[in-house]
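Below is one structure, written out as structure tokens; comments come after it.
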Amino acid sequence: ASDPPARRVCILGATGSIGRSTMEVVAHLRKVDPEYRWQVWAASGHRNLDTLAEVALSADPVPRRLVASCAQTHARVSGNGESPLARFSGEILAGPDALVRVATDPEIDVLVAAIVGRAGLESTLAAVQEGKRVALANKETLVVAGPIVRQAAQKSGAELLPVDSEHSALFQCLGDRPDDVEKLILTASGGPFRDWSTEQMRQASVQSALNHPTWDMGAKITIDSATMMNKALEIIEARWLFDVPAETIEVVVHPQSIVHSLVEFRDHSVISQWSPPDMRLPIQYALTYPRRLPGVAKRWNRQQPCQLDMLPADRERFPALDLGFEVARVGGTAGAVVNAANEVAVGLFLDGQIRFTDIVKSCHQVLQHHQFDASPTLADLVQIDQWARRETLRFADGL
Ligand code: NAD
Ligand code: MG
């Protein structure tokens with residue numbers, strides 16, 4: 001028998017939480033998939049080249065190409081001959097442009113978009129334009145440029161498959177009769193401050209905000225979960241990914257993070273997707289869809305009692321939710337502005353420069369002050385993103 005065909009994966013953001021989980025999934029698929037021979041073909045990291053080297057060299061086979069997307073870091077380390085990447089014999093590319101080059105490389109079949117923040121936009125969009133399968137963890141890409149990415153996918157035939165657990169759940173529950181769908185219901189754990197008063201949140205420390213009850217993730221999304229800005233971003237992500245109006249989307253608080261989201265149909269039947277919190281499941285499904293293969297993710301243990309709570313979301317204590325619905329409703333430049341403001345404000349909070357409750361306040365403020373444009377080009381979005389970053393710093397300065 002001849003060898004099965006190769007399935008070559010490019011992981012951008014390989015050193016992060018999703019990136020490392022993806023490395024595990026690919027290693028697993030290599031063992032269990034009789035139809036394809038999986039391998040990580042290219043991988044990127046940003047500042048920490050030690051981690052990139054460690055992640056890449058522990059893969060079997062080792063990726064052919066690595067990207068150090070932060071060009072300065074790469075130049076500094078390779079300049080004095082002590083690069084941690086010295087043992088890597090493949091090709092090393094540097095700088096943000098290299099991300100687009102590997103994402104569109106004809107040799108790769110799947111892009112796993114696992115960079116955090118707006119920094120993932122160009123490479124994700126480029127892979128979509130190239131007609132690749134894109135396993136999308138980088139929700140900020142759809143928040144910033146949802147309509148542009150959607151259009152590009154329609155034109156190229158690219159498959160845009162969700163990695164975000166809620167969107168993977170919706171995708172798994174939806175079925176093929178879209179007219180029968182009444183509501184997409186996103187679950188939210190509620191984060192570490194689910195039961196805190198606004199006053200307590202005003203005083204919240206960085207440490208307590210980084211302490212997520214059910215998920216172990218990168219710092220930015222962990223803070224986003226505490227403010228519930230993560231759910232706001234996911235509302236916007238769902239709006240573009242499934243092409244539904246904001247009114248179709250709802251949020252319910254589910255502290256156990258076992259039900260990953262639900263779909264309500266017109267006859268009021270509700271279908272949900274369950275599994276213990278483990279990102280390797282939605283990653284694997286995005287890679288193998290429409291096939292389901294033996295899982296690497298944790299399995300629901302029926303020997304343990306399992307309790308599921310579903311609670312209404314508190315939109316007063318978590319004003320990010322209304323912000324998310326508003327942005328999903330108006331579209332245009334609003335997503336780029338709120339996303340940029342949030343990225344900057346989260347950074348300021350992590351640096352101890354603003355209060356926890358100032359994060360969402362800054363996003364509101366900057367959204368209110370921006371020059372709304374209903375159908376921006378990509379260049380407009382890039383420009384307004386930069387404006388919103390400056391405006392957030394200015395607002396935070398006056399706090
Ligand atoms: P992380 O912080 O653990 O990893 C981020 C990755 O992006 C790293 O590889 C880092 O080197 C790279 N990176 C950071 N800044 C960059 C830049 N300016 N240019 C290029 N690369 C850069 O983040 P994460 O938790 O893995 O999240 C990644 C994405 O997946 C985010 O968009 C997040 O919202 C989404 N997501 C994560 C989870 C999760 O469980 N971690 C769940 C759902 C969605
Ligand atoms: Mg999620």
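Things to note:
- Residue in the stretch 253-265 that is touching an Asp or Glu at 6+ places or on another chain (Cβ under 9 Å), farther than 30 Å from residue 23 by Cβ and of a type outside the set (A, V, I, L, M, F, W, C) present: yes
- In the stretch 170-186, the residues that are more than 9 Å from residue 263 (Cβ to Cβ) form Cβ pairs under 6 Å with partners that are of a type in the set (Gly, Ala, Ser), at six or more places apart or across chains, as follows: 186/261.
Residues are listed down the side, and each one gets a yes or a no for (1) in a helix (DSSP H, G or I); (2) more than 16 Å from ligand 2 (Cβ to nearest atom); (3) touching a strand residue (DSSP E or B) at 6+ places or on another chain (Cβ under 9 Å); (4) small (Gly, Ala, Ser):
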residue: 4; (1), (2), (3), (4): no, yes, yes, no
residue: 9; (1), (2), (3), (4): no, yes, yes, no
residue: 15; (1), (2), (3), (4): no, yes, yes, no
residue: 23; (1), (2), (3), (4): yes, yes, yes, no
residue: 30; (1), (2), (3), (4): yes, yes, yes, no
residue: 38; (1), (2), (3), (4): no, yes, yes, no
residue: 51; (1), (2), (3), (4): yes, yes, yes, no
residue: 59; (1), (2), (3), (4): no, yes, yes, yes
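- Count - residues of the stretch 75-94 that are in a helix (DSSP H, G or I) and at pLDDT below 75: 5
- Evaluation of residue 327 against (1) farther than 21 Å from residue 233 by Cα; (2) in contact with a Gly (Cβ under 9 Å, 6 or more places away or on another chain) (one fails), failing number: (1)
- Flag if residue 225 is under 22 Å from residue 181 (Cα atoms) and out of contact with any Lys or Arg (no Cβ under 6 Å at 6 or more places or on another chain): no
- Options 213, 147; residue that is assigned by TED's automatic domain parsing to the domain that holds residue 113 and either within 12 Å of ligand 1 (Cβ to nearest atom) or surrounded by fewer than 21 Cβ atoms within 10 Å (Cβ to Cβ) (or both): 147
- Residue in the stretch 335-351 that is surrounded by 14 or more Cβ atoms within 10 Å (Cβ to Cβ) and assigned to a loop (DSSP other than H, G, I, E, B) present: no
- Meets criteria (under 21 Å from the mean Cα position of the chain (by Cα) and in contact (Cβ under 8 Å) with a residue 12 or more places away in the chain) for residue 85: no
- From the options 261, 272, residue that is outside any loop (DSSP other than H, G, I, E, B), among the small types (Gly, Ala, Ser), touching a residue at least 12 places away in the same chain (Cβ under 8 Å) and more than 16 Å from ligand 1 (Cβ to nearest atom): 272
- Looking only at the stretch 137-156, residues that are away from ligand 2 (no atom under 16 Å from the Cβ) and in contact (Cβ under 8 Å) with a residue 12 or more places away in the chain come to 11 in all.
- Residue check, residue 101 more than 16 Å from ligand 2 (Cβ to nearest atom), in contact with an Asp or Glu (Cβ under 9 Å, 6 or more places away or on another chain) and among the basic types (Lys, Arg): no
- Test: residue in the stretch 113-136 that is within 30 Å of residue 269 (Cα to Cα) and in contact (Cβ under 8 Å) with a residue 60 or more places away in the chain: yes
- The stretch 289-304 residues that are in contact (Cβ under 8 Å) with a residue 12 or more places away in the chain, paired with ones that are surrounded by 10 or more Cβ atoms within 10 Å (Cβ to Cβ) and in a loop (DSSP other than H, G, I, E, B) (beta carbon under 7 Å, 6 or more apart): 293/33; 297/275; 297/278; 298/276; 298/278; 300/275; 300/276
- Considered as a group, the residues in the stretch 22-68 that are of a type in the set (Ser, Thr, Tyr) and surrounded by 24 or more Cβ atoms within 10 Å (Cβ to Cβ) include one that is farthest from the chain's Cα centre (by Cα), and that residue is 44.
The values are calculated or read from the model by the stated rules, or taken from the named source; none is laboratory data. These numbers come from a predicted model, not from an experiment. Here Cβ is always computed from backbone atoms with ideal geometry, including for glycine, and neighbour counts include all displayed protein chains.
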